[in-house]
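Q: Below is the structure I would like to discuss, written out as structure tokens.
The values are calculated or read from the model by the stated rules, or taken from the named source; none is laboratory data. None of these values were measured; they are calculated from a predicted model. Here Cβ is always computed from backbone atoms with ideal geometry, including for glycine, and neighbour counts include all displayed protein chains. In case anyone asks, the SASA skips ligands and DNA or RNA and just uses the protein heavy atoms, side chains included. Shrake-Rupley method; radii C 1.70, N 1.55, O 1.52, S 1.80 Å.
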Number of protein chains: 4
Amino acid sequence: MMNFCLFGAGRIGKIHAANVALNGNAALRHVVDVDAAAAGDLAARHGAAVSDADSALGDPAVDAVIITSSTDTHKTLVEQACRAGKAVFCEKPVDLDSARVREVLSVVEETGVPFFVAFNRRFDPSFAALQKKVRDGRVGKVEQVIITSRDPGPPPVGYIKASGGLFRDMMIHDFDMARWLLGEEPTEVYAVASCMVDPAIGEAGDVDTAAVTLRTASGAFCQITNSRRAVYGYDQRVEVFGSAGMLRAGNRTATTVEYSGGEGVATDKPLDFFLERYAEAYRIELDRFIEAVGKGEKPSPGGEDGLRSLLLADAATESARSGKPVPV
Amino acid sequence: MMNFCLFGAGRIGKIHAANVALNGNAALRHVVDVDAAAAGDLAARHGAAVSDADSALGDPAVDAVIITSSTDTHKTLVEQACRAGKAVFCEKPVDLDSARVREVLSVVEETGVPFFVAFNRRFDPSFAALQKKVRDGRVGKVEQVIITSRDPGPPPVGYIKASGGLFRDMMIHDFDMARWLLGEEPTEVYAVASCMVDPAIGEAGDVDTAAVTLRTASGAFCQITNSRRAVYGYDQRVEVFGSAGMLRAGNRTATTVEYSGGEGVATDKPLDFFLERYAEAYRIELDRFIEAVGKGEKPSPGGEDGLRSLLLADAATESARSGKPVPV
Amino acid sequence: MMNFCLFGAGRIGKIHAANVALNGNAALRHVVDVDAAAAGDLAARHGAAVSDADSALGDPAVDAVIITSSTDTHKTLVEQACRAGKAVFCEKPVDLDSARVREVLSVVEETGVPFFVAFNRRFDPSFAALQKKVRDGRVGKVEQVIITSRDPGPPPVGYIKASGGLFRDMMIHDFDMARWLLGEEPTEVYAVASCMVDPAIGEAGDVDTAAVTLRTASGAFCQITNSRRAVYGYDQRVEVFGSAGMLRAGNRTATTVEYSGGEGVATDKPLDFFLERYAEAYRIELDRFIEAVGKGEKPSPGGEDGLRSLLLADAATESARSGKPVPV
Amino acid sequence: MMNFCLFGAGRIGKIHAANVALNGNAALRHVVDVDAAAAGDLAARHGAAVSDADSALGDPAVDAVIITSSTDTHKTLVEQACRAGKAVFCEKPVDLDSARVREVLSVVEETGVPFFVAFNRRFDPSFAALQKKVRDGRVGKVEQVIITSRDPGPPPVGYIKASGGLFRDMMIHDFDMARWLLGEEPTEVYAVASCMVDPAIGEAGDVDTAAVTLRTASGAFCQITNSRRAVYGYDQRVEVFGSAGMLRAGNRTATTVEYSGGEGVATDKPLDFFLERYAEAYRIELDRFIEAVGKGEKPSPGGEDGLRSLLLADAATESARSGKPVPV
């Protein structure tokens, strides 16, 4: 049985708490949140205590922490948890500043605690099955990876201002997917970006539409497309092309219903809420973390993955600004 | 909060117990099963007591029962629960003998308890969305309903011997779907059937492959196809054709992965286990039952639906034997 | 080089004339039609002569005839052509009366001329590829065949009155497909039918909506669905289910364009004109006829196929009237 | 009636000759080819004369020319035809050198003859329907265009050496599609390219795998992916994403057959020969040329389109070499 302390009782914290309950080998012991009411509700629902960080991390019964609080708190909490010897499940990004991420990683290394960065898409059943087939050689040598990632609609501008920008906030998921699917590290990043969805995003200094090309040492490349708005739902697709074939994973829909009428044939648009689209991925990533820590294995993706995706996001940010490819 | 007693701690009982736990307004109080170990395991998992029928039904804290024990116990348990004033969620079939079902229904009516027959397919998100569109007039007047229902593989012959035969055990789901989608009652049944999957099924007096035509007073008809074996998974499809268009709901797959290679393009076969294929339907049907009883509404489908589907199964059984259409 | 005389310069005659021109080994020599203007136009377009039946059949340069004139003329023309020693390509049906078809077949047999009945659907690339896979054993033993055949809209009532009724005029194609896909002869026919599309069709003594079940000696069966109207186009689908899998062939569309918008995902409706839907099939059936006759092989489908499909249509007509299954 | 002289009796010349015959308002008068046997065969098949360029262009009965001879002959032939007052249908590219293309265009302008550059993909029914919907505003403001273009296999290295390189030979089609779909001119090109299919292509100084990003003044962009080899067939897809939705056109297959077996569900791979994939497009482009010239309208795409696509190919070639984005 793995006992958890959860930091952050917001939307994603609730998801992880429910998934702890669904896992047969885990229990939620503490909930920590600056919003006492939110912490209290969630703790009550799962038979956990409302605590502060010090007391929760001081509880010897706690084996692991889940960190879903705001990004600026991650570094301190991860480091505290590491020093307290608790395994760490940390929402992405570890931090928006790569220098600070490196500091976190050195504490992780020094303390030797299991450290997991929650790139949930790797655990989506379709993407996971696709990546396994790639690793099994179904497409031969990987030559081209195409990632489409479009959100149903933009977040509030207030969120965007603190987000680190589209590349660090949104495309960072795709950078992780790219590394995972390419099977080798990108060596150069070229980005184009513009503000086409909402001028307020541009006024906040960010972009909402972007395309990136990654190249690798073997000559393979990856193209990523992002938009903060897709009127037809949450558009999340992956294509891997190689010497022996192509693998694709498409969008998911709520139903399989198809209507044939005088105007044509109509089917569902993609699921349009990320918590619904990736519900299984959230559950599976937690199960895998619990399983890995339980077996004494290093959980994956880990801190290095978090750092490398951030470095790609930094390079893309610079490339979009300068108009030139940026080596990594 | 609705407190439940569960009869039957087998495969489907466990599903319903887990769904009680997922519903925010319900709790499992008692588990009753002749297999004490199974009852004990399941009760322990959900903080319930292991009980016998009398004590469980005598507990004034129990609001409702879920009956998943063997079919031959349904009648007695439903009647007992009714007389104890407990709302009843009963797995199909109510009984294999329509005369006995009528007796049950008269007890239900006399006692006035809410009575639900668990035709889970009505709650599958795709079938439910399709049926709603039919009711909303998207296909105009319904003229043809086509139902495909093929299991991945046959149950053990021992099960088949006690099942009442393919029409009462398997196609009964499709008869319920047919009535629900046609929106009117079939007036005649014609069935052809054969034993093509396993000679042992034929030796047990049953068939494993069947096709039925239902006709209605309006001139609409329904065609149903059943097989006890589909090597490619659980094949469950529905098509409704009418004056203004056609609606179809297809199979569900585990992933959206598509492989393009030298031989062609390959995708997942359908999910091949009914508990997985209908996982959402099982959860939703229980939620709907709890919601209806909580609001004092009559839960649907009810006893009349259970009876009418059984009468269609009886007629199909007779038609397959005699080779002639049978009026209902 | 095979020289043709074409009987009938109407819609389907023009198709065959164009396909003669596309075939590198054939030429059109004569066009015969009671409508002199239509014959003249078509003959001029293809460098052929306008002739009457006697002179055309008397021309020793003519190797073969294509008969697309009205059904009531088929018998006489086939017999004349046979006695003149010309190979015969005859539009279905040979005749609406099975006794008369038998007379034709005895002339065919007596004269030994190649005789082809143009069931064009066998030559559709999708249906042909599917049937080949069935014959190659991909689905194992064939157990269930499901045929959907719905026209975009009904023909004029005047046409319907002379058509022999839905089973002989429309479903006869599906009876041919059923025999071809089952790989064995149906032994019993059960039909339900109604008039739901247009009351005028009912007043003319015909039906417009029908479903048929065929059973065979091996225990396999076939279900056929017909409607004279599908608002979404020409709905022509086939499904063959067996011990080792399932094969399906679906509708064809004009384009592969898919639109994802706020309301869902929309694609083309099926092609809605039979000459467009089966354009390739018409071309290929003529090529195959020319090839078979050129090689001295018996063209297929032949007269026996025409007769057997008509006998199934007769049985279905009787079953729909009597409400009882009819042995064949 | 439009009378044609065809230059080039090779593979693509035969296609155009057959399409002249299918068009009701056109005839082939002359065939010119250095290979006398090829010219003779094709001329005989279509009732045309074998001629040399001077006599063919001197024939006052000739209205138009089709130029499918080798690229290095295009400039001279186009200019000769222009000065002879014949409308010109010219295979792409006009020339591999943009300075020479400008010279051709000045002759076209000076002589005022209709000049058509045969970018056949614009006439593919799916791409044409998609582009029409884009122009009709179905996706709102175009923000992202994604073009996938992969050949089944590479041409001989001898062909590649004279081809001008992948960007001018293969991706030039995609540059034309990009301009046509974006609805505005690209202002900058960034290309990555490598040799992953065949080392002999690299030894010949060319690449076989490439990805390009185009950006426009409005902030829209286009991503293009090319490979000289796709084991699953001819992969030709287009996606246009905008403020109001997304349009996609996918690959075409020979049949709609779908096989469901124990391993999954299998469908056809894409058509794998470009003459088959674009058969309709070749026919339609010629029909449109004939129609435009007949009505005195300027045929489209024209010389300017040929030039602009070549300039994009030049820029991509330079970008792939320098590793930097290149303004256009």
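Q: About the Cα centre of segment C:1-138, how large is the charge dipole given +1 on each Lys and Arg Cβ and -1 on each Asp and Glu Cβ? Please answer in debye to the nearest 20.
A: That gives a dipole near 820 debye.
Q: Can you compute the label reach from residue B:276? Point 7 Å from Cα along the Cβ direction, backbone N cut-off under 11 Å, restricted to segment B:240-268.
A: In segment B:240-268, the label zone of residue B:276 (backbone N under 11 Å from the point 7 Å along Cα→Cβ) covers B:253-255.
Q: Still on this structure, please answer the following. How many Å² of accessible surface get buried when B and D come together, counting both sides, probe radius 1.4 Å, rounded to the nearest 100?
A: 900 Å²
Q: Per residue, how much accessible area does chain D have with a 1.4 Å probe, in Å²?
A: Value returned for chain D: 36 Å² of accessible area per residue.
Q: If r is the Cβ-Cβ distance from residue A:254 to residue B:1 and R0 is 22 Å, what FRET efficiency results, to the nearest 0.05?
A: 0.15
Q: Any idea which of D:22, D:156, D:111 is furthest toward the positive side of the dipole for chain D, if Lys and Arg beta-carbons carry +1 and Asp and Glu beta-carbons -1?
A: Among D:22, D:156, D:111, the one farthest towards the positive end of the dipole of chain D is D:22.
Q: Distance in whole Å from the B-onto-D rotation axis to the closest C-beta of chain B, together with the residue it belongs to, please.
A: Rotation axis B onto D, closest Cβ, rounded to whole Å: B:266, 2.
Q: For segment B:73-135, please report how many Lys pairs fall under 26 Å Cα to Cα, leaving out neighbours fewer than 8 apart on the same chain.
A: Close lysine pairs under the 26 Å cut-off: 4.
Q: I want the antiparallel fraction of DSSP beta bridges within the protein assembly as shown, as a percent rounded to 5.
A: 60 percent
Q: Could you derive backbone 3J(HN,Hα) for segment C:181-198 from the dihedral phi with the Karplus parameters 6.51, -1.76 and 1.60 (θ = phi - 60°), listing whole Hz in sequence and x where the residue is Gly or Pro?
A: In residue order, the calculated couplings are 7, 5, x, 7, 8, x, 10, 7, 10, 10, 10, 10, 8, 7, 10, 10, 8, 8 Hz.
Q: Something else now. For residue A:244, go 7 angstrom from Cα along the Cα-to-Cβ vector, then report the distances to that same point in the other copies in nm, smallest first.
A: Label-point separations across copies, in nm and ascending: 2.5, 4.6, 5.2.
Q: Next up: Distance between the C-alpha centers of segment D:222-281 and segment B:234-262? Whole Å please.
A: The distance from the Cα centre of segment D:222-281 to that of segment B:234-262 comes to 20 Å.
Q: Also, quick follow-up: Please compute the average number of Cβ atoms from other chains found within 10 Å of each residue's Cβ in peptide D:320-326. Kindly include the intermediate steps, with their values, before the conclusion.
A: Working: counts 0, 0, 0, 6, 4, 6, 0.
Neighbouring Cβ atoms belonging to other protein chains average 2 per residue here.
Q: Provide the per-residue ³J(HN,Hα) series for segment D:204-210, in order, calculated from phi with Karplus coefficients 6.51, -1.76, 1.60 and θ = phi - 60°, each as a whole number of Hz, with x at glycine and proline positions.
A: For segment D:204-210, the Karplus-derived couplings read 7, x, 10, 10, 10, 9, 7 Hz, x marking Gly and Pro.
Q: Turning to a different aspect of this structure: Within 10 Å of each Cβ in peptide A:190-196, how many partner chain Cβ atoms are there on average? Round it to a whole number, please.
A: Rounded to a whole number, the mean comes out at 6.
Q: With charges set only on the Cβ (+1 for Lys and Arg, -1 for Asp and Glu), what does the dipole of the protein assembly as shown come to about its Cα centre, in debye to the nearest 20?
A: 0 debye
Q: For segment B:1-152, what is the per residue volume of the convex hull drawn over the alpha-carbon atoms, in cubic angstrom?
A: Working: hull volume 24.2 nm³, N = 152.
So the per-residue Cα hull volume is 159 Å³.
Q: In sequence order, what are the phi-derived ³J(HN,Hα) couplings for segment A:119-124 according to the Karplus relation 6.51 cos²θ - 1.76 cosθ + 1.60 with θ = phi - 60°, rounded to whole Hz, with x for glycine and proline?
A: Once θ is set to phi - 60°, the couplings for segment A:119-124 become 7, 5, 5, 4, 9, 4 Hz.
Q: Would you give the gap between the C-alpha center of segment A:133-171 and the C-alpha center of segment C:168-192, rounded to a whole Å?
A: When both Cα centres are located, 53 Å separates them.
Q: Also: Projected onto the charge dipole of chain D (+1 at Lys/Arg Cβ, -1 at Asp/Glu Cβ, origin at the Cα centre), which of D:275, D:265, D:77 gives the Cα projection farthest towards the positive end?
A: Among D:275, D:265, D:77, the one farthest towards the positive end of the dipole of chain D is D:265.
Q: Given points 7 Å out from each Cα along the Cα-Cβ axis, report the residue A:244 to residue A:203 separation in nanometres with one decimal.
A: Roughly 5.5 nm, to one decimal.
Q: Report the charge-dipole magnitude of segment B:83-158 in Debye, nearest 20, computed about the Cα centre from +1 at each Lys and Arg Cβ and -1 at each Asp and Glu Cβ.
A: Values: 13 positive and 10 negative charges, 77 e Å.
Dipole magnitude for segment B:83-158 comes out near 360 debye.
Q: Please tell me the relative contact order of segment C:189-328 in percent, rounded to the nearest whole number, where contacts are Cα pairs under 8 Å and at least six residues apart. Intermediate results must be reported in sequence, preceding the final value.
A: Details: 169 pairs, mean separation 34.2, N = 140.
After rounding, I find 24 percent.
Q: How large is the Kirkwood hydrodynamic radius of segment A:2-68, counting all unique pairs of alpha carbons, in Å?
A: One decimal place: 11.3 Å for the Kirkwood radius.
Q: Quote the accessible area belonging to residue A:1 in square angstrom, nearest 10, computed with a 1.4 Å probe and with ligands, DNA and RNA left uncounted.
A: Residue A:1 has an accessible surface of roughly 150 Å² with all protein chains in place.
Q: Name the aspartates and glutamates eligible as straight-distance cross-link partners of residue B:141: C-alpha to C-alpha under 16 Å, and not fewer than 8 places from it in the same chain.
A: B:184, B:185, B:239, C:198, C:208
Q: Can you pull the percent of Cα pairs in the protein assembly as shown with separation above 46 Å?
A: Distances greater than 46 Å cover 48 percent of the Cα pairs.
Q: Taking the alpha-carbon set of chain A, what are its Rg and Dmax in Å?
A: Reported Rg and Dmax, both Å: 20.2, 67.
Q: Using the Kirkwood radius over C-alpha pairs as Rh, can you work out the diffusion coefficient of segment A:209-279 via Stokes-Einstein at 10 °C, viscosity 1.306 mPa s, in µm² per second?
A: 106 µm²/s
Q: Same structure again: Evaluate 2.2 N^0.38 Å with N set to the residue count of segment A:136-214, then give the Cα radius of gyration divided by it.
A: In units of the globular-protein estimate, segment A:136-214 measures up at 1.27.
Q: Assume the label is 7 Å from Cα along Cα to beta carbon: what separations in nm does residue A:141 have to the matching positions in the other copies?
A: 4.2, 5.0, 6.5
Q: Using DSSP to call loops (not H, G, I, E or B), can you name the chymotrypsin sites (Phe, Trp or Tyr not before Pro) in segment B:218-293 whose Cβ has at most 11 other Cβ atoms within 10 angstrom?
A: Answer in residue order: B:273.
Q: Taking 60 Å as R0, compute the FRET efficiency from the Cβ-Cβ separation of residue C:52 and residue B:321 and round it to 0.05.
A: 0.50
Q: In nm, what does the list of distances from residue B:156 to its counterparts in the other copies look like, shortest first, when each label sits 7 Å along Cα to Cβ?
A: Nearest first, the other copies' label points are 5.9, 6.8, 6.9 nm away.
Q: Which distance in Å, rounded to a whole number, links the C-alpha centroids of segment D:51-90 and segment A:51-124?
A: 74 Å
Q: What does the helix-only formula give at 222 nm for chain A: each DSSP H stretch with n ≥ 4 adding -39500 (n - 2.57), the total divided by the residues, and the result rounded to the nearest 500 deg cm²/dmol? Before the final figure, lay out each step's value.
A: Working: 13 runs with 134 residues, N = 328.
Roughly -12000 deg cm²/dmol at 222 nm, from the helical runs in chain A.
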